[in-house]
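Data block below; observations after.
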Amino acid sequence: MGNKRSQKDRGYITATEWRTEGGGYKDRSKLPFKRLPFNRCAITFTPFEEPVCTDDGTTMDVVNAVPYIMKYKRHPVTGQPLHLRDLTTLHFHKNDTNEFHCPVMEKVFTEHTHIVAVKPTGNVYCWEAVEELNIKSKNWKDLLTDEPFTRKDIIHLQDPLNLTQRTIETFDHVVKEMAVEEEEGEGGAGMSSLRNVSEDMKRALGALSSSESKAAFDAGGGGKRAEAQRLLMAAKQLAAGKAGGMTAAAAAAAAAAATAGGKSVVFDSHDASTSGPQVAPGADAGGGDWRLRAPERTRVAAFKPGTHTWNTEDHIEPEAPKRKPKYAEPGSDSAAAAAGAGAAAGGASGSGRQTPQAWYEAQGHVQWAKGAHSTGMSARAFTSSVQAVHTADARQMKRHDRNPSKKGYVRITTNLGDLNVELHCDIVPRTCENFLALCDMGYYSGTKFHRSIRNFMAQGGDPLGTGLGGESIYGKTFKDELDSRLLHSGRGVLSMANSGQNTNGSQFFITYKSCAHLNYKHPVFGRVVGGLDVLNAMEKIQTDDDDRPVKDITIIKTEVFTNPFYEMEEEEKVAAEVARKKVAMDEAAATGKGGGDPETQFGKWFSNPSAPGDAPKAVRSGVGKYINAAVLPVAPAAAAAAPPPAAAAVAPAALALAAAAADAAAMPLPAAKKPKVASSGFGSFDAW
């Protein structure tokens, strides 16, 4: 239905619809760009194993970069002239989950991370670490090796704001379709005559009989990757020799000796980037990959009985020593993840002394209250066949947390001087209570600041002194207390060191400068308010390669000046004592047994005057018969007419009656009441 519907319901599509919506030709300039990931080689687009880069940040695998540059002598991305000596070997670091990350901040690299490298060392960091610790602080030394460098030596491997840097469609070798052809093995034809041979055996035999393997034997073994590394090293040696004033022949000989292990190597002295080392005929072929070496009696590859594959497990390569991370965020190798190791080593300090949690509870500073929920033991026993029988549910016990409104103050005495710190107990009570309790029990006495990084921070609080120990008064670890009012802003900020979220123990650190990248990762709980000169002296102490101070910075003792938690505890004890006395008085008043307490006696007289056994006795008859005459005042006239004491003793009742009569006579008569005058209306307003 509708106007001109027959014209719209056509049985074909137009050329424009086919080009834009169908499968027609698409303009490649308008297609979504393909971005090369940071961990891929710019030549083969596959993950690299031994990365190298150029000065503009193009990352390649050395096994692909060396033959490409030697063949084309140009940059694979920009097309500019390029030599082997212009390549920089990169050193990426991986975390426990085998992911590339920054060794300083432990930030995992993603496609949105700004990644940079330092050219003299090849170490790879995130841009935030270099900007904060090198550029802003003007500390032009590598964060891992302390090797000096300049701002021009910073190579930007990946910049999220520069989208055109790693666009695959614009690469020079992609546009011009340039590639390095793979050589086919010479033993390919002879391999077809083998029968009942597995693919692994064909691959190994084919590699042994190829010209590539022979060249590897001549060059020293190791395969393509080792050969590429030797060529790159030789080019750099030759370039360094020329820069030092050596002749071309001498530089080539030095490079050959350094890379080929003393073999006779022939170099083309014209350009080290275009021709690599060539081993002279008859040279020894030792070293390299053991699977490609010449057969020896001690290294002959053997078959296992009943198998048809190469026994590649007979040779065990020596395990490379595990290198400890140079530096991570404060406490990244400490706190909760390692507090367990410290506890297993023997309590808080490895000496078997009482743990902080046990000490704090033994001192009576922890109070427990019944919670609103039950333990659920009876329900589990009812539904489980292995649970012990429980016929009654007990309430869950919850720890009574105190939240003071005051600050805490502690003095940390070191061998360099005193540090006075203020604790934010009113903002982060759990963290401050832990620190105050550890200071009170002497947990930090004798410990050292085991890590100090200039223009960053000093870390301590580990009784083991290795960064792998420490516990809290809540157990091994406790949760983070993060607040927007407490940031790592300024010098002298006191914060907890940890190895991740909710892994705080006993270790802490004091900042030498602002560290905005640590905000909301480490709980800030105090600041240094006195002794900044001591903090300056701590920062000036030299450190070794592991950031450990050469001269020990030892905490001699800690002195607590103000502990708001103990003050609240005393107030709670006083309030509990007052409540206990009030309950005892109420109980005594209800039972009528005062026990000689005047206050109790007073309460009993007015609250329960007719208690059994305590009824008042009449001393005379008439009005006031229950009032003792000894406490009544005596009128002057009655006192003058009173008989001598002997007579009073004889007739006390007569004296009492006479005194009462005298009192009644002395009392004035009551005033007569005025008669009420009835009035109507408002009357006169003169008295207003």
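What's the number of the only condition in (1) closer than 16 Å to Leu436 by Cα; (2) crowded, with 22+ Cβ neighbours inside 10 Å that Val493 fails to meet?
Evaluating Val493 over (1) closer than 16 Å to Leu436 by Cα; (2) crowded, with 22+ Cβ neighbours inside 10 Å leaves (1) as the failure.
Give the residues of the stretch 422-481 that are assigned to a loop (DSSP other than H, G, I, E, B), among the small types (Gly, Ala, Ser) and either in contact (Cβ under 8 Å) with a residue 60 or more places away in the chain or surrounded by 24 or more Cβ atoms within 10 Å (Cβ to Cβ) (or both), sorted by residue number.
If the condition is that a residue be assigned to a loop (DSSP other than H, G, I, E, B), among the small types (Gly, Ala, Ser) and either in contact (Cβ under 8 Å) with a residue 60 or more places away in the chain or surrounded by 24 or more Cβ atoms within 10 Å (Cβ to Cβ) (or both), then Gly442, Ser445, Gly446, Gly461, Gly467, Gly469, Gly470 are the ones that fit.
What tally of residues in the stretch 454-499 results from selecting those that are under 22 Å from Asn139 (Cβ atoms) and of a type in the set (Ser, Thr, Tyr)?
2
For the stretch 566-607, enumerate the residues that are modelled with pLDDT of 55 or more, over 30 Å from Lys407 (Cα atoms) and either aromatic (Phe, Trp, Tyr) or open to solvent by less than 60 Å² (accessible area, probe 1.4 Å) (or both).
Ala584, Ala588, Ala589, Gly592
Please indicate, with yes or no, whether at least one residue in the stretch 75-85 is in contact with a helix residue (DSSP H, G or I) (Cβ under 6 Å, 6 or more places away or on another chain), more than 24 Å from Leu161 (Cβ to Cβ), of a type outside the set (Gly, Ala, Ser) and open to solvent by less than 50 Å² (accessible area, probe 1.4 Å).
The answer is yes; a qualifying residue exists.
Return the only residue of Ser514, Ser499 being surrounded by fewer than 21 Cβ atoms within 10 Å (Cβ to Cβ), part of a loop (DSSP other than H, G, I, E, B) and modelled with pLDDT under 95.
Only one candidate qualifies: Ser514.
Taking interchain pairs and intrachain pairs at least six residues apart, which have beta carbon atoms under 9 angstrom, with the first residue in the stretch 563-581 and closer than 21 Å to Glu422 by Cβ and the second of a type in the set (Val, Ile, Thr) and not in a helix (DSSP H, G or I)?
Once the first residue is closer than 21 Å to Glu422 by Cβ and sits in the stretch 563-581, its partners that are of a type in the set (Val, Ile, Thr) and not in a helix (DSSP H, G or I) give Asn563/Val410; Tyr566/Val560.
Which of (1) β-branched (Val, Ile, Thr); (2) more than 20 Å from Tyr444 (Cα to Cα); (3) open to solvent by 70 Å² or more (accessible area, probe 1.4 Å) is the odd one out, the single condition Ile541 does not satisfy?
(3)
Give me the residue from the stretch 96-105 that is surrounded by 16 or more Cβ atoms within 10 Å (Cβ to Cβ) and of a type outside the set (A, V, I, L, M, F, W, C) and, out of that set, farthest from Gln237 (Cα to Cα).
My answer is His101.
The values are calculated or read from the model by the stated rules, or taken from the named source; none is laboratory data. This is a predicted model, so every value here is computed, not measured. Cβ coordinates were reconstructed from backbone atoms using ideal geometry, including for glycine residues, and neighbour counts include every protein chain displayed. For the accessible areas, the whole protein counts, side chains as well, though only heavy atoms, and no ligand, DNA or RNA atoms are used. Shrake-Rupley method; radii C 1.70, N 1.55, O 1.52, S 1.80 Å.
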